[in-house]
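Participant: So that we are looking at the same thing, I have put the structure below in structure tokens.
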Amino acid sequence: MKILQLTNDNTLDIFFFNANVFHEESALQTALICSRVCTGWRALLLSTPSIWARVLDIRQLVKISSAGQAEILSRTGSAPLWVSAKIAGRGEAGDLLSVSLIRDHWSRIERLKLSISHLDGRELWPVLARPAPILRTFEVSTSQKGIMDTNGSETPLFSDHAPALSTFMGECLPLNLSAPWLQGIRQLCLGFHLSTFDILTCLQSTPQLEILITRTVSSSNTNRSTHLPTVTLPKLVKLYFQYVDLQDCMTLLRGIKIPESCSIVCFADRSGVSKRSDIDILSKLLKEAVPELSSYLQRFIQVHSSKISVVTIYLDSGTLIFHCDTDIRMPALEHTPVFVAALMDQFQVFSTVQDSQSLLPTLFSRCNFDMITTLVLDFFSILPLSETQLMTWFRFYFICFPSVQHLHVSEGTLQLVLALSQTSVADGTIVFPLMETLTVTGFDETWGRSGEAELGLPRPVVQFLRYRKAINLSVKTLIYDQVLPPGLNLKGLEDITGLRVRVRRRSLEDNEQTEEYILIS
């Protein structure tokens, strides 16, 4: 069927699909172009105000003449508005248009996404403090703490009246912790102004909450010694802590009773640890926190065991990230159940405090990972470690994953895998006995500069493939991922008969080329 032969209903479905200012950057241009294709499309679009109401991207609208802006706004009729705007605070045309459109049409706005780079609130707060009768989604983001100044206004956000609101992402805004509209919130982002006590108090008013995001909790310690509320959130599917102090993360986890299937994404931050006293405090905190995180991980794995197949572990001199993914998709929430434990700027404790070394494997060594078939490892710029430390820490990364078929590593990490594989064989343990595919990215650019090539040693990837062949556990497929231009070779693979080599070359523009070879004798 030709596109112009589609029924009006089918054509409108396509128009509506593209008329989403939050998913399509060119939504406004697409609507304008489609309205000029033919008389039929133009009549259909001009008779559907809700399409024009959903494409109000101020960054695009400001490029149009004043008359054009007025025409587009008139086409929205009385339909609920979807608005995406950015305020830079430099008196730019986009700033003025954003503030005026939000101010003049506030009662019609159904979804608002606003990015603020610089604003003291004197112009915008009086608008945000007005009742929002049809507002469903409200997202205000900023890169600066406390950027919104209410200028002494005692009027609460939305005048505490936003009966339709289900998504609130406004951690930079002052908030009434018991506002009536919190009762209907399904997605909530908090932080900046709020302490852990404030957050738990607020959550007592959110029985419908499904996704909670907490960023940069207030550094106030005044509530840590007081009695904290306990909150039950039966519908919660995702709990996300971003750049939150580890102690605050654990305080919130202990204060929230969540369903066993709930995703936990915990980016626990502890920067600036330099003094010995700070390290000792952090060491004590980690001893308490890591086993608790492990218990949450065990619970997550038990609930989702049939859907988990991928684990990613990242480790450098300052950060540990453990990522457990599932194959489950929840389109309504744009959410996939995951478990992520990230200890930011804290790894130095593992390497400097003797009694903290056992904590690293403690996070996951008690979990059953028999279902994991894909393992992604990235150990980057590890501090100098003794052989004992290597065996104590990293051995668990390998023996805990007996069913891995697909291994993804950088070449530097592969050197460590090879060293521990050879040591484990001496102990009677085979690392990754079922592995069939090796994907190598992040090739070691220092190879050859330190003398290995001059000594005739092959690259680590070649050494590893030869080693696997020698123990009769040959890798079947090597996927070689690199960014153009190519400059690395795999000389030395010629004797690994039957190996399938797939070379993926990606340009800086992410254009991908794939070549495939099968080595024959």
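Participant: If you check every pair at least six apart or on different chains, which have Cβ atoms under 7 Å apart with a residue in region 56-84 that is open to solvent by 30 Å² or more (accessible area, probe 1.4 Å) first and a residue that is in a loop (DSSP other than H, G, I, E, B) second?
Facilitator: As it stands, the answer is Pro80/Ile134, since those pairs meet every condition given.
Participant: In region 203-223, which residue that is crowded, with 22+ Cβ neighbours inside 10 Å and more than 14 Å from Lys235 (Cβ to Cβ) is modelled with the lowest pLDDT?
Facilitator: The selected residue is Val217.
Participant: Moving on. Can you tell me which residue among Val37, Val21 is in a loop (DSSP other than H, G, I, E, B), loosely packed, with under 14 Cβ neighbours inside 10 Å and of a type in the set (A, V, I, L, M, F, W, C)?
Facilitator: Sole residue among the options that is in a loop (DSSP other than H, G, I, E, B), loosely packed, with under 14 Cβ neighbours inside 10 Å and of a type in the set (A, V, I, L, M, F, W, C): Val37.
Participant: Could you say whether any residue in region 36-44 is under 30 Å from Ala129 (Cβ atoms) and without any contact (Cβ under 8 Å) to a residue 24 or more places away in the chain?
Facilitator: Scanning region 36-44 turns up no residue that is under 30 Å from Ala129 (Cβ atoms) and without any contact (Cβ under 8 Å) to a residue 24 or more places away in the chain.
Participant: Here is a list of conditions, (1) hydrophobic (A, V, I, L, M, F, W, C); (2) part of a loop (DSSP other than H, G, I, E, B); (3) open to solvent by 40 Å² or more (accessible area, probe 1.4 Å); (4) at pLDDT 70 or above, and Ala419 meets all of them except one; can you say which number that is?
Facilitator: If we test Ala419 against (1) hydrophobic (A, V, I, L, M, F, W, C); (2) part of a loop (DSSP other than H, G, I, E, B); (3) open to solvent by 40 Å² or more (accessible area, probe 1.4 Å); (4) at pLDDT 70 or above, just (2) comes out false.
Participant: Can I ask one more? Run down Ala332, Ala289, Ala342 and say which single residue is modelled with pLDDT of 70 or more and either more than 30 Å from Arg186 (Cβ to Cβ) or assigned to a helix (DSSP H, G or I) (or both).
Facilitator: Checking each option against the conditions leaves just Ala289.
Participant: Determine the pairs where a residue that is in a strand (DSSP E or B), located within region 168-195, has a partner that is of a type in the set (Asp, Glu) and surrounded by fewer than 20 Cβ atoms within 10 Å (Cβ to Cβ) with Cβ atoms under 6 Å apart, the partner being 6 or more residues away or on another chain.
Facilitator: Pairs found: Met169/Glu139.
Participant: Another question, if that's okay. Hey, among Ser294, Ser283, which residue is polar (S, T, N, Q), at pLDDT below 85 and crowded, with 16+ Cβ neighbours inside 10 Å?
Facilitator: Answer to the check: Ser283.
Participant: OK, next. Are any residues in region 1-33 at pLDDT 85 or above, under 10 Å from Asp57 (Cβ atoms) and under 29 Å from the mean Cα position of the chain (by Cα), and if so, which ones?
Facilitator: Answer for region 1-33, where residues must be at pLDDT 85 or above, under 10 Å from Asp57 (Cβ atoms) and under 29 Å from the mean Cα position of the chain (by Cα): Val21, Phe22, Ser26, Ala27, Leu28.
Participant: Only one residue in Glu139, Glu154 is touching a strand residue (DSSP E or B) at 6+ places or on another chain (Cβ under 6 Å), open to solvent by 10 Å² or more (accessible area, probe 1.4 Å) and modelled with pLDDT under 95. Which one?
Facilitator: Glu139
Participant: Taking Trp52, is it farther than 18 Å from Trp125 by Cβ, hydrophobic (A, V, I, L, M, F, W, C) and in contact (Cβ under 8 Å) with a residue 60 or more places away in the chain?
Facilitator: no
Participant: Considering only region 85-105, how many residues are hydrophobic (A, V, I, L, M, F, W, C), open to solvent by 10 Å² or more (accessible area, probe 1.4 Å) and over 31 Å from the mean Cα position of the chain (by Cα)?
Facilitator: Residues in region 85-105 being hydrophobic (A, V, I, L, M, F, W, C), open to solvent by 10 Å² or more (accessible area, probe 1.4 Å) and over 31 Å from the mean Cα position of the chain (by Cα): 3 in total.
Participant: Name every residue in region 243-271 that is within 18 Å of Leu233 (Cα to Cα), assigned to a loop (DSSP other than H, G, I, E, B) and either in contact with a His (Cβ under 8 Å, 6 or more places away or on another chain) or open to solvent by 10 Å² or more (accessible area, probe 1.4 Å) (or both), in order of residue number.
Facilitator: Listed by number, the residues that qualify are Ile258, Pro259, Glu260, Ser261.
Participant: Hey, could you check region 224-247 for residues that are of a type in the set (D, E, K, R) and touching a helix residue (DSSP H, G or I) at 6+ places or on another chain (Cβ under 8 Å) and say which is modelled with the highest pLDDT?
Facilitator: Lys238
Participant: A further question follows. Given the criteria in contact with an Asp or Glu (Cβ under 7 Å, 6 or more places away or on another chain) and under 23 Å from Ile134 (Cα atoms), does Trp82 qualify?
Facilitator: yes
Participant: Quick check on my filter: what residues within region 163-181 are in contact with a helix residue (DSSP H, G or I) (Cβ under 7 Å, 6 or more places away or on another chain) and open to solvent by less than 20 Å² (accessible area, probe 1.4 Å)?
Facilitator: Within region 163-181, Leu165, Leu173, Ala179, Trp181 meet the criteria.
The values are calculated or read from the model by the stated rules, or taken from the named source; none is laboratory data. What you see is a predicted model; the values in this text were computed from it and never measured. We place every Cβ from the backbone using ideal geometry, glycine too, and count neighbours over all the protein chains shown. Side chains are part of the model used for accessible areas, which takes the heavy atoms of the whole protein and leaves out ligands, DNA and RNA. Shrake-Rupley method; radii C 1.70, N 1.55, O 1.52, S 1.80 Å.
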